[in-house]
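Everything below concerns the one structure shown next.
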Amino acid sequence: MAVVTQSAMTAEPSVTSPKMTARDLNLFYGENQALFDVNLDIVERQVTALIGPSGCGKSTFLRCMNRMNDTIDGVTINGQVTLDNRDIYDKAIDVVQLRARIGMVFQKPNPFPKSIYDNVSYGPRIHGLVNSRDELDEIVMTSLERAGLLKEVKDRLQEPATGLSGGQQQRLCIARAVAVSPEVILMDEPCSALDPIATAKVEELIDELRSNYTIVIVTHSMQQAARVSQRTAFFHLGKVVEVGETDQIFTNPKDERTKGYITGRFG
Amino acid sequence: MSLTFLLLAIAALCALSFYFGRQRAIALSGGRYSNLHSLPAHYGTYTAMWCGLPAILLLLVWHMFQGTIIQGMIISDLPPEILNDSGKLSLALNSIFLLAADNGEHLSVSPEVIDAGKRLASLQIIANVALVVVMISVALVGLAFSYRKISRDMRARNNVERISRYVMIACSGIAILSTVGIVFSLLFEALHFFTKINPLDFLFGLEWSPQTAIRADQVASEGAFGAIPLFVGTLLITLIAMCVAVPVGLFSAIYMGEYASPKFRAFAKPALEILAGVPTVVYGFFAALTVAPFLRDNGAVLGLDVSSESALAAGLVMGVMIIPFVSSLSDDVMSQVPQSLRDGSYGLGATKSETIRNVIFPAALPGIVGAVLLAVSRAIGETMIVVMAAGLAANMTVNPLQAVTTVTVQIVTLLVGDQEFDSAKTLSAFALGLALFLITLGLNVFALKFVQKYREKYD
Ligand SMILES: Nc1ncnc2c1ncn2[C@@H]1O[C@H](COP(=O)(O)OP(=O)(O)O)[C@@H](O)[C@H]1O
Ligand SMILES: [Mg+2]
């Protein structure tokens, strides 16, 4: 029922078997409502971009999807978010396991002040994913490889991660997320602190990761959304105004507000 | 009395100058403050500084020299038979000062001395009056000078900045100089001690019994000045204290910083910090009257022989005293660990305790080590609790159930009471003080290094 209303509202072709969904999601920071009846489907093994002006609730929504808002005092959430058709806000869900399935990469690279190796092995260790040092080495190597960082760091795995450049740090954070073999990776403006070359590398990486992971990326750059995503959702004032195929959103937006934002008339 | 009055008068003059300076600037501005280089208050402050600071400076210099100059004048008038005998001279000077202060009626002294006393009294009065006159004039001159200098283009703001910088430099100079002074006074007395006692005996000797013969005819032991038992005692008590303070302080810091609700924290943090405000004498009572008997009685039940003054009692209570040091310093460093690191860890599915253990704690570790080292140097320097609870016996033992003594306690006992100031016994206090100072200085430097290293991490 909810799916039908949402499709009618945003007039997009209904998505069959989405990886994640949000239904009538409302979020309050204390008294202030930051999200209003958000309905959104995330398609498996695709990149979904969330765009919209600052303060419209993109990060807030993203943080709902792996329950990172649980760590903030005074947040109330109602509505439903599902992963493989299970409500992630259900009492029976263990947040720790949930976050192992839904990884997150943040706006500012935030490597731990540990060695490169320890950064990547952090997740597998706490989740007990490995039984031996060899297995751990293996995971660290493949994760770094997947994040396109292995070549640059393989001789300095024991050096502190804080010594890497910003772009390398961000790819390390992606490797760190990948190391726990998540199904979904959430990225909150992962390139906003990076220079154009590092940005290009990360974008390339996102495109490769798509074959194994479902990715949701918040971005303030329209070009980036157009380059890396297959689907785009436009947020405005805490609401999803329009969602659909990226090509369609950028070439033929249905909503005036989307059109205005994309053509740069506001935002 | 007259000094208080003088300072009040100067303060009043400063206030007046501020008002005048400001008024003049306002008048010059023609109603628009933007015509002036600086704000009117800057001009006011400028005049006030010119009025007050030279006068205060003069006061300081005056007080430094007044005594010597007047004394010189008095001495030069004394008859030669007194002048040429230093013993008589100091006696006479003593009497003269007593007479001048109206305390000398009972003295039977020569008429010259009585005259000198009167002269001294009148000289002092003259000097005081002169001081008042000169200071007020200096203040007025300063006021007039700066008042006349005020103009639209005068850079009062920059001048005020510069003068306040000098004042601050002077203040920090005082702080640094007094530290240097303290170190040197320690150093000289300690060197004096080492001319009597071999430094090696002091540093490595295993026996401490500083009782030496006070008079030549007394039969007394030579006195042994081996400081090792004292340092062992100090270390023992410090160790016990840290065993209490580090875990309790650290865990309470973690609880306060990471788990407690803001409401609970608002109540509990100040409550914990009250511990730091309790006078150490009170801790001493607590240790001697409550903890020590408790330990002794319970030790007896367990068949242990706990002496009624024990290192354990002093160490435990000292540990409690140091808890707020450890907890508030480590709370500070842990709360400086950026939220983004916590988010990174939570985002990977780590629980709160995993995040604290694996991310926050290691990141804050250098700072925590610094906090602990500062606490250690505090524990080493603590005296009162140990005097009251650990005893005075310089036992060479690491058994916490026995009485031990510490460096600070020995310093106190060496210096209380009537002592000759050049006996090895009293001088040894300075050597101990110097050793203690060097140790805590080293610890503090080390601790600060650690904290600094930590600072670099997130910038
Ligand atoms: N921790 C918070 N506490 C209170 N209000 C918040 C918090 N985080 C975000 N907000 C508010 O929620 C709204 C959405 O913020 P956010 O999701 O960060 O926007 P975006 O990422 O789209 O720029 C903003 O109005 C912001 O002020
Ligand atoms: Mg954001």
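Quick one: which helices (runs of 4 or more DSSP H) sit completely within the stretch B:1-115 and have at least 3 residues that are under 15 Å from B:Ser146 (Cα atoms) and hydrophobic (A, V, I, L, M, F, W, C)?
Here the list reads B:2-29, B:40-77.
Looking only at the stretch B:328-354, count every residue that is surrounded by fewer than 22 Cβ atoms within 10 Å (Cβ to Cβ), without any contact (Cβ under 8 Å) to a residue 40 or more places away in the chain and in contact with a Leu (Cβ under 9 Å, 6 or more places away or on another chain) and tell me the total.
0
If we scan the stretch A:134-149, do we find a residue that is within 14 Å of chain B (Cβ to nearest Cβ), more than 15 Å from the chain's Cα centre (by Cα) and within 24 Å of A:Arg63 (Cβ to Cβ)?
Among the residues of the stretch A:134-149, at least one is within 14 Å of chain B (Cβ to nearest Cβ), more than 15 Å from the chain's Cα centre (by Cα) and within 24 Å of A:Arg63 (Cβ to Cβ), which makes the answer yes.
What are the pairs, 6+ residues apart or on separate chains, where a residue within the stretch A:48-71 that is more than 19 Å from A:Ser192 (Cβ to Cβ) and modelled with pLDDT under 95 has its Cβ under 6 Å from a residue that is part of a loop (DSSP other than H, G, I, E, B) and within 10 Å of ligand 1 (Cβ to nearest atom)?
none
Tell me, which strands (runs of 3 or more DSSP E) lie completely within the stretch A:172-267 with 1 or more residues that are more than 16 Å from ligand 2 (Cβ to nearest atom) and within 14 Å of chain B (Cβ to nearest Cβ)?
Strands (runs of 3 or more DSSP E) meeting the threshold: A:184-188.
Being free of Cβ contacts under 8 Å to residues at least 24 places away in the same chain and either within 14 Å of ligand 1 (Cβ to nearest atom) or crowded, with 20+ Cβ neighbours inside 10 Å (or both) is the filter; apply it to the stretch A:242-267 and report the residue that is nearest to A:Cys64 (Cα to Cα).
A:Ile249
The conditions are (1) within 16 Å of ligand 2 (Cβ to nearest atom); (2) within 11 Å of chain B (Cβ to nearest Cβ); (3) closer than 17 Å to A:Ala198 by Cβ, and A:Thr162 fails exactly one of them. Which is it?
Answer for A:Thr162: the failing condition is (1).
Return the residues of the stretch B:275-318 that are among the acidic types (Asp, Glu) and surrounded by 13 or more Cβ atoms within 10 Å (Cβ to Cβ); say none if nothing qualifies.
B:Glu309, the sole residue that qualifies.
Within 30 Å of A:Arg171 (Cα to Cα) and free of Cβ contacts under 8 Å to residues at least 60 places away in the same chain: which single residue out of A:Gln223, A:Gln230 fits that description?
A:Gln223
Return a yes/no flag: does the stretch B:179-199 have any residue that is touching a Phe, Trp or Tyr at 6+ places or on another chain (Cβ under 9 Å), among the hydroxyl-bearing types (Ser, Thr, Tyr) and under 20 Å from B:Leu434 (Cβ atoms).
Taking every residue of the stretch B:179-199 in turn, at least one turns out to be touching a Phe, Trp or Tyr at 6+ places or on another chain (Cβ under 9 Å), among the hydroxyl-bearing types (Ser, Thr, Tyr) and under 20 Å from B:Leu434 (Cβ atoms).
Does A:Val120 count as crowded, with 17+ Cβ neighbours inside 10 Å and more than 9 Å from chain B (Cβ to nearest Cβ)?
yes
From (1) near ligand 1 (Cβ under 10 Å from one of its atoms); (2) away from chain B (no Cβ under 14 Å); (3) buried (at least 16 other Cβ atoms within 10 Å of the Cβ), pick out the condition that doesn't hold for A:Pro18.
It fails just one condition, (1).
Just to check your reading of the model, which residue among A:Arg133, A:Arg146 is modelled with pLDDT under 90, farther than 25 Å from A:Lys239 by Cα and away from ligand 2 (no atom under 15 Å from the Cβ)?
A:Arg146
One residue is enough: does the stretch A:175-196 have a residue meeting the conditions closer than 25 Å to A:Val130 by Cβ, under 15 Å from the mean Cα position of the chain (by Cα) and of a type in the set (S, T, N, Q)?
Yes: one or more hits.
Given the condition in contact with a Pro (Cβ under 7 Å, 6 or more places away or on another chain) and either touching a residue at least 60 places away in the same chain (Cβ under 8 Å) or more than 30 Å from B:His192 (Cβ to Cβ) (or both), answer yes or no: does some residue in the stretch B:371-392 qualify?
no
From the list B:Val407, B:Val398, B:Val412, B:Val376, which residue is surrounded by fewer than 20 Cβ atoms within 10 Å (Cβ to Cβ) and farther than 28 Å from B:Asp297 by Cβ?
Just a single option satisfies the conditions, and that option is B:Val412.
Considering only residues that are within 16 Å of ligand 1 (Cβ to nearest atom) and in contact with a Cys (Cβ under 9 Å, 6 or more places away or on another chain), which ones fall in the stretch A:186-216?
Passing the criteria: only A:Pro190.
Sort out for me the strands (runs of 3 or more DSSP E) sitting completely within the stretch A:47-116 that have 2 or more residues that are crowded, with 23+ Cβ neighbours inside 10 Å and within 14 Å of ligand 1 (Cβ to nearest atom).
The strands (runs of 3 or more DSSP E) meeting that bar are A:47-51.
Taking B:Ile385 and the conditions (1) within 10 Å of another protein chain (Cβ to nearest Cβ); (2) crowded, with 18+ Cβ neighbours inside 10 Å; (3) of a type outside the set (Phe, Trp, Tyr), which numbered condition does it fall short on, given that it satisfies the others?
Exception for B:Ile385: condition (1).
Can you tell me how many residues in the stretch A:195-211 are within 16 Å of A:Gln224 (Cβ to Cβ) and in contact (Cβ under 8 Å) with a residue 40 or more places away in the chain?
Number of matching residues: 8.
With respect to B:Phe184, is the statement that it is among the aromatic types (Phe, Trp, Tyr) and at pLDDT 90 or above true?
Against the criterion (among the aromatic types (Phe, Trp, Tyr) and at pLDDT 90 or above), B:Phe184 qualifies.
Keeping to the stretch A:24-46, report how many residues are among the aromatic types (Phe, Trp, Tyr) and near ligand 1 (Cβ under 7 Å from one of its atoms).
Result for the stretch A:24-46: 1.
Going through the stretch B:399-443 one residue at a time, which ones are outside any helix (DSSP H, G or I), touching a residue at least 24 places away in the same chain (Cβ under 8 Å) and among the β-branched types (Val, Ile, Thr)?
Matches in the stretch B:399-443: B:Val404, B:Thr405, B:Thr406.
Considering only the stretch A:82-94, I want to know if a residue exists there that is within 16 Å of ligand 2 (Cβ to nearest atom) and at positive phi.
There is no residue in the stretch A:82-94 that is within 16 Å of ligand 2 (Cβ to nearest atom) and at positive phi.
Among the residues of the stretch B:242-289, write down those that are within 14 Å of another protein chain (Cβ to nearest Cβ) and free of Cβ contacts under 8 Å to residues at least 12 places away in the same chain.
The answer is B:Ala260, B:Ser261, B:Pro262, B:Lys263, B:Phe264, B:Arg265, B:Ala266.
Among the helices (runs of 4 or more DSSP H) contained in the stretch B:302-379, which hold 2 or more residues that are facing chain A (nearest Cβ under 10 Å) and under 23 Å from A:Leu186 (Cβ atoms)?
Correct list: B:339-347, B:352-355.
Got a sec? Which of B:Leu120, B:Leu89, B:Leu93, B:Leu131 is touching a His at 6+ places or on another chain (Cβ under 9 Å) and in the same structural domain as B:Ile56 (by TED's automatic domain parsing)?
B:Leu131
Give the stretch A:127-171 a look and list any residue that's crowded, with 16+ Cβ neighbours inside 10 Å and in a loop (DSSP other than H, G, I, E, B), or say none.
A:His127, A:Leu129, A:Val130, A:Ala147, A:Gly148, A:Leu149, A:Leu157, A:Leu164
Against the condition facing another protein chain (nearest Cβ under 9 Å), out of contact with any Leu (no Cβ under 7 Å at 6 or more places or on another chain) and touching a residue at least 24 places away in the same chain (Cβ under 8 Å), how does A:Met104 come out, does it pass?
So A:Met104 does not fit the description; no.
The values are calculated or read from the model by the stated rules, or taken from the named source; none is laboratory data. Given the structure is predicted, the values throughout are model-derived calculations rather than measurements. Here the Cβ is made from the backbone with ideal geometry for all residues, glycine too, and neighbour counts use every protein chain on show.
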